[in-house]
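Since the structure comes first, as structure tokens, the remarks are kept for the end.
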Number of protein chains: 2
Amino acid sequence: MTAPTPGRKRPTISDVAQRAGVTKGAVSRALNSGTGVSSGTRERIRQAAVELGWSPSYAARALNGKALGTIGLVVRRSPEILDFDAFFASFLSGIESVLSGEEHATVIRFVPDAQTEATTYERLFEDRFVDGFLVTDLRVDDERPAMLHRMGAPAVVVGAPEGSSDFPTISNDSREAIRSLVHRFADTGHRRVAHVQGDPGMLHALQRRRHWEEALHDFGLEPGPVEYGGYTIEGGAQATERLLDRGERPTAVFYGSDLMAIGGYSVLGEAGLAIPGDVAVAGFDDITLASFASPPLTTVRSRHRELGSSAARILLDMLKGQEPPAVTRMTGELRLRSSAG
Amino acid sequence: MTAPTPGRKRPTISDVAQRAGVTKGAVSRALNSGTGVSSGTRERIRQAAVELGWSPSYAARALNGKALGTIGLVVRRSPEILDFDAFFASFLSGIESVLSGEEHATVIRFVPDAQTEATTYERLFEDRFVDGFLVTDLRVDDERPAMLHRMGAPAVVVGAPEGSSDFPTISNDSREAIRSLVHRFADTGHRRVAHVQGDPGMLHALQRRRHWEEALHDFGLEPGPVEYGGYTIEGGAQATERLLDRGERPTAVFYGSDLMAIGGYSVLGEAGLAIPGDVAVAGFDDITLASFASPPLTTVRSRHRELGSSAARILLDMLKGQEPPAVTRMTGELRLRSSAG
DNA sequence: GTGAAAGCGCTAACAA
DNA sequence: TTGTTAGCGCTTTCAC
């Protein structure tokens, strides 16, 4: 490694001021509010800034309590989910698609526990390292909305029940789609419909389960057995094994994610059970794999990317001072494929 | 929305100093280098800092040219790839798995063009918004390594040819795996092996093609036709159509990514061609879908997550002042499945 | 409309 | 070992 060149220092506001023949204060005013300077000097200052290739210092701005153009995403989960789970990569993709056009950056931090999570939000915001947050992956009794509200941090909450916090919410509502699915099950003679839930502490997992229960109830059916599958392929496989070990075998299973359903496929196959002949199967997410699986997997399509882009869009608007919509509703959609005729 | 509480201001170094009965300077020394203060006062200062719940201001630190504990990832691609491409989400997952244990955050920025890319790297670093970069997705004649070196920015380059820059490099070497694949093709009687390349401007795409060419040469075969598929399912499908429209049909196709191979599957199927009977197919990446496709897809497994974690690990070590290994070699691995007997 | 000056929270050189 | 001081680059109040 050869030694790097030290690099000429980049121009500061003082350089611009000097070149334009004014003081720092004038430059700051001209380039920010635009008021308090005559249009002539303002133009001269702008010109000087361009010639010098000046751009403001994030750090100095932050020290004065200004926004930096960054939004924070704090995730209390294993970083592996970026790789395995359908949600995060797509969600992030949606966020970035909005930010990339806006000169904004995303600050991402994966944290191991609730304590670190709380202090991370605090430091990130109180120091103006980020201007606001996108809050997702809500847990039961999640304290983040209240905490962020206390801090005065702008935020958009994704996937929370409507009206549950003081922040704008993007709701990911799959009630109808799940109802259609269960309707289908009921119509085709299923009486024992099981559910594999993702994670007992996660709100989205709970919501899917609730919708499944409600729909069964509406069609006069008892809820079948429930197992937890942790949203992974292996978890889905194990949950399916437990399901088969129980007394009466279910004739249909609604998995809380496609990945878990795929895990279920292999266990059902090994047990010599045909899909959908012996057991009908449905998933949630509609990942690419779903339509390629054999048999193609019936699932509830959820618009992860749109969730991300809407959330980002709304947060950005809030930061610009616009009044955000209290609720933005996103609805899931049933994709009937041969795994659940 | 009720008005948020303004929130008590958080403690500064002066508060700590006052409480410990010393000056700001002493606090700074005690909490950073640890030298220049007696162990007694140091302890008293630490104590005061804890009691006050003090934590340093990122902004003030950055203004003094200190490291913040952030690493930058600037990506000149459509944010959609996070959703569709196999690489990025996994790579990011690897990075986060290292950073989450180290109190570091990732700053991500997707940029549309080379110009924005360059200024983004500059501003991010010169303002000490990030301490260093992970450089990936190298293009032919990529100027980023030289530029970052000029700026004096610490960086780790992923997927560049060894010795091509002054930075530590993680090489993702699939030469042997691709050679084994071509060997297999040659052994099973294939004489006309086509290639669907991802993107002509990307170094990794070029490398895969080179390895394919070299291997064919070594086994006494001429390189078959090459089409570009842009690393997407649709692109792979279209490239396959063009391949079939040409004169002599290839008996085997090596796709530069699994996604493109899956796109090829559908076109071959529609053309009434059996896999591998009429056309043998192989991909690259080993995404989850590969083993679930029908027939299961032969592919070259590439360790995306490990690429990310190694790169992050090395960059963090550099930031701590350790001398990094010049090259870390990661090798691909052939996964033979029935699409290419 | 413009300049001067104070200060954001911190680091580091210099004195004492 | 400690305190004092001068900035880092910018915003913002206050005179003029």
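For residue B:89, indicate whether it is more than 30 Å from residue B:10 (Cα to Cα) and more than 7 Å from chain A (Cβ to nearest Cβ). Steps first, please.
Numbers: more than 30 Å from residue B:10 (Cα to Cα): yes; more than 7 Å from chain A (Cβ to nearest Cβ): no.
In short, no.
Just one of (1) modelled with pLDDT under 90; (2) surrounded by 15 or more Cβ atoms within 10 Å (Cβ to Cβ); (3) not in a helix (DSSP H, G or I) fails for residue B:83. It is (3).
Looking at B:166, B:187, just one residue is within 14 Å of chain A (Cβ to nearest Cβ) and either charged (D, E, K, R) or under 18 Å from residue B:301 (Cα atoms) (or both), and that residue is B:166. Taken together, the residues in the range B:305-323 that are surrounded by 24 or more Cβ atoms within 10 Å (Cβ to Cβ) and modelled with pLDDT under 95 amount to 0. Residues in the range A:31-46 that are more than 8 Å from DNA strand C (Cβ to nearest atom) and within 13 Å of residue A:17 (Cβ to Cβ): 4 in all.
Scanning the range A:11-53 for residues that are among the β-branched types (Val, Ile, Thr), more than 9 Å from DNA strand D (Cβ to nearest atom) and more than 14 Å from chain B (Cβ to nearest Cβ) returns A:22, A:35, A:37, A:41, A:45.
In the range A:169-184, the qualifying residues are those that are of a type in the set (Ser, Thr, Tyr), farther than 23 Å from residue A:70 by Cβ and not in a loop (DSSP other than H, G, I, E, B), and the one that is nearest to the other protein chains (Cβ to nearest Cβ) is A:171.
Out of B:106, B:120, I need the residue that is over 14 Å from residue B:69 (Cα atoms) and either at pLDDT below 95 or in contact with an Asp or Glu (Cβ under 9 Å, 6 or more places away or on another chain) (or both). Which one?
After ruling out the rest, the residue left standing is B:120.
Being modelled with pLDDT of 90 or more and part of a helix (DSSP H, G or I) is true of residue B:89. Farther than 17 Å from residue B:236 by Cα, more than 12 Å from chain A (Cβ to nearest Cβ) and surrounded by 18 or more Cβ atoms within 10 Å (Cβ to Cβ): does that describe residue B:268? Judged against the criteria, residue B:268 is not a match.
Every condition in (1) within 15 Å of DNA strand C (Cβ to nearest atom); (2) in a loop (DSSP other than H, G, I, E, B); (3) out of contact with any helix residue (DSSP H, G or I) (no Cβ under 6 Å at 6 or more places or on another chain) holds for residue A:9 except the one numbered (1). Out of all the residues in the range B:142-162, is one or more in a helix (DSSP H, G or I), within 13 Å of chain A (Cβ to nearest Cβ), charged (D, E, K, R) and touching a strand residue (DSSP E or B) at 6+ places or on another chain (Cβ under 9 Å)? No: the range B:142-162 contains no residue that is in a helix (DSSP H, G or I), within 13 Å of chain A (Cβ to nearest Cβ), charged (D, E, K, R) and touching a strand residue (DSSP E or B) at 6+ places or on another chain (Cβ under 9 Å). The criterion of being at pLDDT 95 or above, assigned to a strand (DSSP E or B) and surrounded by 18 or more Cβ atoms within 10 Å (Cβ to Cβ) holds for residue A:194.
Every listed requirement among (1) at pLDDT below 95; (2) within 11 Å of chain A (Cβ to nearest Cβ); (3) under 21 Å from the mean Cα position of the chain (by Cα) is met by residue B:295 save one, (3).
Out of the range B:284-341, which residues are of a type in the set (Lys, Arg) and within 28 Å of residue A:292 (Cβ to Cβ)? Passing the criteria: B:301, B:303, B:305, B:335, B:337.
Going residue by residue through the range A:61-69, is there one that turns out to be crowded, with 18+ Cβ neighbours inside 10 Å, small (Gly, Ala, Ser), facing another protein chain (nearest Cβ under 9 Å) and within 16 Å of DNA strand D (Cβ to nearest atom)? Yes, there is a match, as at least one residue in the range A:61-69 is crowded, with 18+ Cβ neighbours inside 10 Å, small (Gly, Ala, Ser), facing another protein chain (nearest Cβ under 9 Å) and within 16 Å of DNA strand D (Cβ to nearest atom).
The values are calculated or read from the model by the stated rules, or taken from the named source; none is laboratory data. Small disclaimer: the values here were computed from a predicted structure and weren't measured. Note that each Cβ is placed from the backbone with ideal geometry, even for glycine, and that neighbours are counted across all protein chains shown.
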